[in-house]
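Worksheet for the structure shown next.
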Amino acid sequence: MCQQYDMAVEIVLNYLFRHGFCKTVRTDFYRASSEFAKYLKASHLTYTGATARDWINSLKPSLPRWKFLSIRRALALVEDAARNGSVTTVWFSFDDARFKYCAPDRYRQLLESYIQRRRQDGIGASALTMDSRACRRFLLYLQSKKVTDPAFITPEIIKDYHAQAQHRSPESRNAYVRRVRGFVRYLATKKLVAKTLESAFATEKASRVSIVTTLSEQQIHTIKVFGENSRSPLELRSAAMVMLALRMGFRSVDICNLCLSDISWNSRTIAIVQQKTGAHLTLPFPVEVGNLLAKYILEARPQCSEPNVFISLKHPYARLTRLCCYRSSLKILGRKESEADVRGLHVVRRTFASNLLTAGNPVSTISFTLGHKDDSSVAKYLATDDLRMRECAMGLSGIELKEAFK
């Protein structure tokens, strides 16, 4: 079986070389596969996929996350090659939550109809995934308590569910509770449970309301200077991504989804369908955004058939993830120096909204530009408008001190 393992490793190495993977990827794979081969030899074991997974899991507590993920991916490629005689995929899913939390048959149709209703309301894919996962955990608990009909769900059962549910923090518990409460509210509209049943769900921690954090003038200046001085492909890509958030207010997910066909150079506009809301948005792009995009596309972006504007700079070329947006902000603004410091494109987007408000734009215009469904979300930016906040301050006329304190 070790011979089979060696053959699988050779298949993967040939695949990586033939398809143009960079030297770093090949070196990391070779190092990981060699370490596991030494383990097999020292332990007098034959190769199986299960043996590889057990070895990886035993290393997890002692390894940095990046190295653990690298080794896990390398041995997943080996297992694929050993099973199929070739590399059939380079994308692997290690998340078994969908199998761990499978909705009971008795409730599956109700859950599917609820998720469909949420989808029709314009809820995004990530929110729907969390809705589904939270509700499935609740439904599995009902099944464990032999509650086979929604009519038998009582406040006591809900309280018991709260007591046994495990969450990392009060905030995550609240997030799950909100989603299950929404499902129970949906059941009430179907007259399957009492309308007051949702009140049995408790909230451990009140929602936090805070003043919106934005970039300082110095940080904004740093972003602009970085864009002007960018030369390398990585610098040009980072500058273009951050500038799209700063000058157009795009969300990081929409920046990652941006395609070459979304840019109209003749009309100087960018047209997208926002992933979070599903709404179409067409905005003119400022000259500095257009110049950076053009420079990145013409001088830095690899020539390939990928439709997305922002892609990996090394083969295999693929659409970037939101993590790359965060890393772009780190490259320009540096790493966080304290807990109060902020990074990421969302704070850049908030700065864009705050600047629009300070410039005197109507709330409706700001809300439309940000892609919000209503104007209420803009209210939290009011505190960032220092000039108008000072105008709201009350004078002291009529309440002056009559005499000094003794």
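Please treat every number below as a calculation from the coordinates, not as lab data. Fair warning: this is a prediction, and the values are worked out from it, not measured in the lab. All Cβ positions, glycine included, derive from the backbone under ideal geometry; neighbour counts span all protein chains shown.
In summary, the stretch 1-155 shows an alpha-carbon radius of gyration equal to 1.44 times the 2.2 N^0.38 Å reference for compact globular proteins.
Across all directions, the average projected area of the convex hull around the alpha carbons of the stretch 153-281 is 13.1 nm². One decimal place: the segment residue 4-residue 202 gains 65.7 nm when fully extended, by the rule 0.36 nm per residue minus the C-alpha distance.
Its residues counted as N, the stretch 98-200 yields a C-alpha radius of gyration over 2.2 N^0.38 Å of 1.00. Panel order for 130, 243, 248, by other beta carbons found within 10 Å of each beta carbon, from fewest to most: 130, 248, 243. As a proxy for reagent exposure, ranking 119, 335, 350 by other Cβ atoms within 10 Å from fewest up yields 335, 119, 350. Taking only the alpha carbons of the stretch 291-351, we obtain Rg and Dmax values of 13.9, 42 Å in that order. Projecting label points 7 angstrom from Cα along Cα→Cβ for residue 166 and residue 35 puts them 2.7 nm apart. Between residue 112 and residue 66, residue separation times 0.36 nm minus the direct Cα-Cα distance comes to 12.9 nm.
Neighbouring Cβ atoms within 10 Å as the yardstick, rank 121, 28, 6 fewest first.
The order, fewest Cβ neighbours first, is 121, 6, 28.
Taking label positions 7 Å along the Cα-Cβ direction at both residue 83 and residue 304, the computed distance is 2.5 nm, reported to one decimal. Relative to one another, the C-alpha centroids of the stretch 1-69 and the stretch 260-284 are positioned 43 Å apart.
Rounded to the nearest 0.05, the FRET efficiency derived from the C-beta distance between residue 191 and residue 92 at R0 = 56 Å is 0.80.
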